[in-house]
Amino acid sequence: MKTMLHTLALTAMVGAAGLVPATASAQEPGNGTTIKMARASWDSGWFQAEIYTKLFEELGYNVEGPTTLDVPPFYQAVMQGDVDLWVNGWFPAQDTYKPVMEDQAEVIGTVVDRGALQGYMVDKAAVEEFGIESLADFARPEVREAFDRNGDGKADLVSCPPGWLCERVIVEQLEDFGLDDDIATTTAGYNAAMADTIASYNAGEHVLYYAWTPNWTGYELKAGEDVMWIPVPQVEGVETVPPAEGLETCVADPCYMGFPPNDIQPVARKDLLEANPAIESILTTVSIPLDDIFAQNAAMIEGDDDIEAQADAWIAENRDAVDGWLETARAAAN
């Protein structure tokens, strides 16, 4: 009898011990797997990368990085297997990389639908005062004079950050549209130039600047309230990219912004996705509101650079949605 009870006790202990790894495995399907994360070189994308990193960690994955990479190095690294994924893809801007990566990686899910816009913005008061309909209106003397801040006879445009592809695009567009004698671009760093621009706007001056989203400036100068997107002119012989449609914050619809509207999307290695349905589930279900990214970017510019704490706070504030995403990912893994 004693032997039988001893055997039953041992059996119960083994059974109970066996429940622990099974439960842990169900809650943390990524236990024992490492993800090599990357993030974009532009800091307006770091908040999103941190949120996804923390979601992967809640599923038990060990996350290396994120490693900060510019666009070409990321695609080279993901093709070579040096990194597994990032959530900072801009498409169609990065469509040129699809053919070369299609055997190793894929675009999957959407962080922000049509969240990546680029183009020219002007204060709403000027739109109403001068009837501005496109960038071509800056050839009008009264408009040019209203935006001439240094007295050189040209409207001043805060341009794209020096060295970026969009800087060259802006210069070429001004030449193509015959506006290079009417508009002068800045050469200062973007954040400093935009801080000055916002101060000028708050002082009641007119402002013209290049912008992209998500970006901290969208929190300080709200599209549709403070500023408006303005299209580039349609000039015979000058090709322009397809317009954004239904954009209520632009003075025209469709809005030929000069830059294609982009979705912000993850890019991940196929072998990682095939082996980890939970990762695929997170990438296909998670999204982050653009206004939340604006707010974090603004806080970062104002000196709050604790991105990990900001991501923790966002997850806590959106716990119901987060728990739903995690449960869906756990179910996908089983």
Item to check | the chain - percent of accessible surface contributed by carbon and sulfur, probe 1.4 Å | outcome: 50
Checklist entry - Under 5 Å between amide H atoms, partner at least 5 residues away or on a different chain: which partners does GLY119 have, H built in plane at 1.01 Å? => result ALA211
Checklist outcome for this item: Under 24 Å between C-alpha atoms, the lysine pairs in the chain lying 8 or more places apart or on different chains count 7
Item to check | Note, ³J(HN,Hα) from phi for region 111-123, Karplus 6.51, -1.76, 1.60, rounded to Hz, x at Gly and Pro | outcome: 6, 9, 6, 6, x, 9, 10, 9, x, 10, 10, 9, 5
Checklist entry - Which shape class applies to region 136-180: rounded if a/c is under 1.5, otherwise prolate when a/b exceeds b/c and oblate if not, where a ≥ b ≥ c are the square roots of the Cα gyration tensor eigenvalues? => result oblate
Checklist entry - Does region 130-250 come out rounded, prolate or oblate by the C-alpha gyration tensor, with a ≥ b ≥ c the root eigenvalues, rounded set by a/c under 1.5 and, if not, prolate when a/b is larger than b/c and oblate if not? => result rounded
Item to check | Helix axis angle, 46-58 relative to the chain longest principal axis, alpha carbon, degrees | outcome: 10
Checklist outcome for this item: With Cα coordinates, the longest principal axis of the chain makes an angle with the long axis of helix 71-80, in degrees rounded to 10, of 30
Checklist entry - Under a 5 Å amide H to amide H cut-off, with H placed in plane at 1.01 Å, what residues pair with ARG114 once short-range neighbours are removed? => result ASP263, ILE264
Checklist entry - Sorted by accessible area with a 1.4 angstrom probe, largest first, how do ASP292, ASP137 fall? => result ASP292, ASP137
Next on the checklist: Out of all DSSP beta bridges in the chain, what portion is antiparallel? Express it as a percent rounded to 5.
Outcome noted: 60
Checklist entry - Solvent-accessible area per residue for the chain at a 1.4 Å probe radius, Å²? => result 47
Next on the checklist: Taking the Cα of ASP304, stepping 7 Å toward and past its beta carbon, and measuring to each backbone N in region 188-216: which are under 18 Å?
Outcome noted: 215-216
Checklist outcome for this item: Over all Cα pairs of the chain, the Kirkwood radius sets Rh, and Rg/Rh then becomes 1.12
Next on the checklist: Can you give me the Kirkwood hydrodynamic radius for region 198-334, using every pair of distinct Cα atoms, in Å to one decimal?
Outcome noted: 18.3
Checklist entry - Using modelled backbone amide H atoms (1.01 Å from N, in-plane), which distant-in-sequence or interchain residues come within less than 5 Å of ILE35's amide H? => result ASN62, VAL63, GLU64
Item to check | Cα gyration tensor shape for region 221-260, rounded if a/c is under 1.5, else prolate or oblate | outcome: prolate
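The values are calculated or read from the model by the stated rules, or taken from the named source; none is laboratory data. In this text, all values refer to a predicted model and were calculated from it rather than measured experimentally. No Cβ is skipped: glycine too gets one built from the backbone with ideal geometry, and neighbour counts run over all protein chains shown. To get the accessible areas, we keep the full protein, side chains included, count just its heavy atoms, and leave off ligands, DNA and RNA. Shrake-Rupley method; radii C 1.70, N 1.55, O 1.52, S 1.80 Å.
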